[in-house]
Amino acid sequence: SHGGIAMDDAETAPESIQEALPAGPAEDGQAEKVILTARLELETLEFDRAAPALEDLAEDLGGYVESGSVGDRGSGYRWADYTIRVPAEQYAAYLNHAGELCHETWRDTSRQSVSEAYYDTAGRLRTQQIKLERLQALLEEAENMADIITIESAISETEWMIEDLSGTLRHYDAQVDYATIHISLQEVYRLSNVEEPA
């Protein structure tokens, strides 16, 4: 595997919306590829309203809830954990609205540029595609059986490389196009760090 990237969920990623994203500085006019991730810790006095509102907000912004779980800690107070995916251009909007729906106690955001790895993988993919075309042309001209077997073996190895590199790019696209927001929501009887009205 390239750079230890998990291939899971690459297949289910929405089609690339890369063109719609603002291009950042990168080599040769290439758009910068950035993975946006946030962790939010939220509190609410109105759990029954806040939990569904956080889910609805993701959908309103063109995203979805990747995973979610709700429970209580035996104290009668409930909690919810969500992993939310929203289009990268709606990342800031989601964070701001979530902070209005609930009381935000902690926020951590990260911005990881994967431009170098992305364009390196794309370059290697193009090289393999060109190699495949050349091998296919050689195969059409090959006459003896030993050559045909050798070329067919090289073709199948090249096709495997193309599939592997394509999977890596699809995974990057899914991470870049859709920001990831991890939310921990707590039901409380009073909000922490809030000034009591005099």
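The values are calculated or read from the model by the stated rules, or taken from the named source; none is laboratory data. The structure presented is a predicted model; accordingly, all values stated were derived computationally and were not measured. FYI the Cβ positions are ideal-geometry reconstructions off the backbone, even for glycines, and counts take in every protein chain you see. Ligands, DNA and RNA are excluded from the accessible area calculation, which covers all protein heavy atoms including side chains. Shrake-Rupley method; radii C 1.70, N 1.55, O 1.52, S 1.80 Å.
Numbers below:
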read-out	value
Qualifying residue in region 135-144 (condition: within 24 Å of the chain's Cα centre (by Cα) and either assigned to a helix (DSSP H, G or I) or modelled with pLDDT of 95 or more (or both))	no
Single unsatisfied condition, Thr180 versus (1) among the polar types (S, T, N, Q); (2) touching a residue at least 40 places away in the same chain (Cβ under 8 Å); (3) open to solvent by 30 Å² or more (accessible area, probe 1.4 Å); (4) under 28 Å from Ala51 (Cβ atoms)	(3)
Residue check for Tyr172: under 32 Å from the mean Cα position of the chain (by Cα), assigned to a helix (DSSP H, G or I) and under 30 Å from Ala51 (Cα atoms)	yes
Lone qualifier among Thr127, Thr109 - being of a type in the set (Val, Ile, Thr) and part of a helix (DSSP H, G or I)	Thr127
Ala137 being surrounded by 14 or more Cβ atoms within 10 Å (Cβ to Cβ) and hydrophobic (A, V, I, L, M, F, W, C)	no
Selection from region 58-87 of residues that are in a helix (DSSP H, G or I) and open to solvent by less than 20 Å² (accessible area, probe 1.4 Å)	Ala58
The listed residue being open to solvent by less than 30 Å² (accessible area, probe 1.4 Å), out of contact with any strand residue (DSSP E or B) (no Cβ under 6 Å at 6 or more places or on another chain) and more than 24 Å from Tyr172 (Cα to Cα), out of Ala122, Ala146, Ala142	Ala142
Residue that is modelled with the lowest pLDDT, among those in region 22-53 that are among the small types (Gly, Ala, Ser), part of a loop (DSSP other than H, G, I, E, B) and open to solvent by 30 Å² or more (accessible area, probe 1.4 Å)	Ala23
Number of positions in region 145-165 that are over 30 Å from the mean Cα position of the chain (by Cα) and charged (D, E, K, R)	2
